[in-house]
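First comes the structure, then the notes that go with it.
The values are calculated or read from the model by the stated rules, or taken from the named source; none is laboratory data. Everything numeric here is computed off the predicted structure, so don't read it as measured data. Cβ placement follows ideal geometry from the backbone for every residue including glycine, while neighbour counts extend to all protein chains displayed. Accessible surface is based on the protein model in full, side chains and every heavy atom, while ligands, DNA and RNA are left aside. Shrake-Rupley method; radii C 1.70, N 1.55, O 1.52, S 1.80 Å.
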Amino acid sequence: MTTDDGAFTRIEQRLDLEIAATARRLAELVEQRAAMAAGAEPTANLVDELRQAAADMSISVFEGTVSERDAARLLGRSFLTLRNRRLTDQPIPFERVGRSVRYRLEVLAKHRGTGT
């Protein structure tokens, strides 16, 4: 076995570990999506993940809500998509605080990963 073979083996092992971790995560996401489709409430885990994602993106969460632009970032959508849906017949439930539009993390957790 040469040095190149050892490095190749380590790379293969690392890739196998990453593939296994990705498969576990995919199974979790499929399970969460099935629970959402069945009408189950989002688990605290999903809300905690969103809260952590908000912290990672430097998004401020005020009383469990985020702004329209920040909600769009958390969902991986354009804020115009959320605004257009809000103004048409397919809104994600939101709250108004004065002139501001706010989205609850619990509501976003239901819609995260569903393509909406």
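Points worth noting:
- Hits in segment 16-49 - residues which are part of a helix (DSSP H, G or I) and either among the polar types (S, T, N, Q) or at pLDDT 90 or above (or both): Thr22, Gln32, Asn45
- Looking at segment 55-116, the strands (runs of 3 or more DSSP E) lying wholly inside it that each contain 1 or more residues that are open to solvent by 70 Å² or more (accessible area, probe 1.4 Å) sit at 95-97, 100-104.
- Among the conditions (1) surrounded by fewer than 18 Cβ atoms within 10 Å (Cβ to Cβ); (2) touching a helix residue (DSSP H, G or I) at 6+ places or on another chain (Cβ under 8 Å); (3) under 13 Å from Leu105 (Cα atoms), Asp48 misses just one, which is (2).
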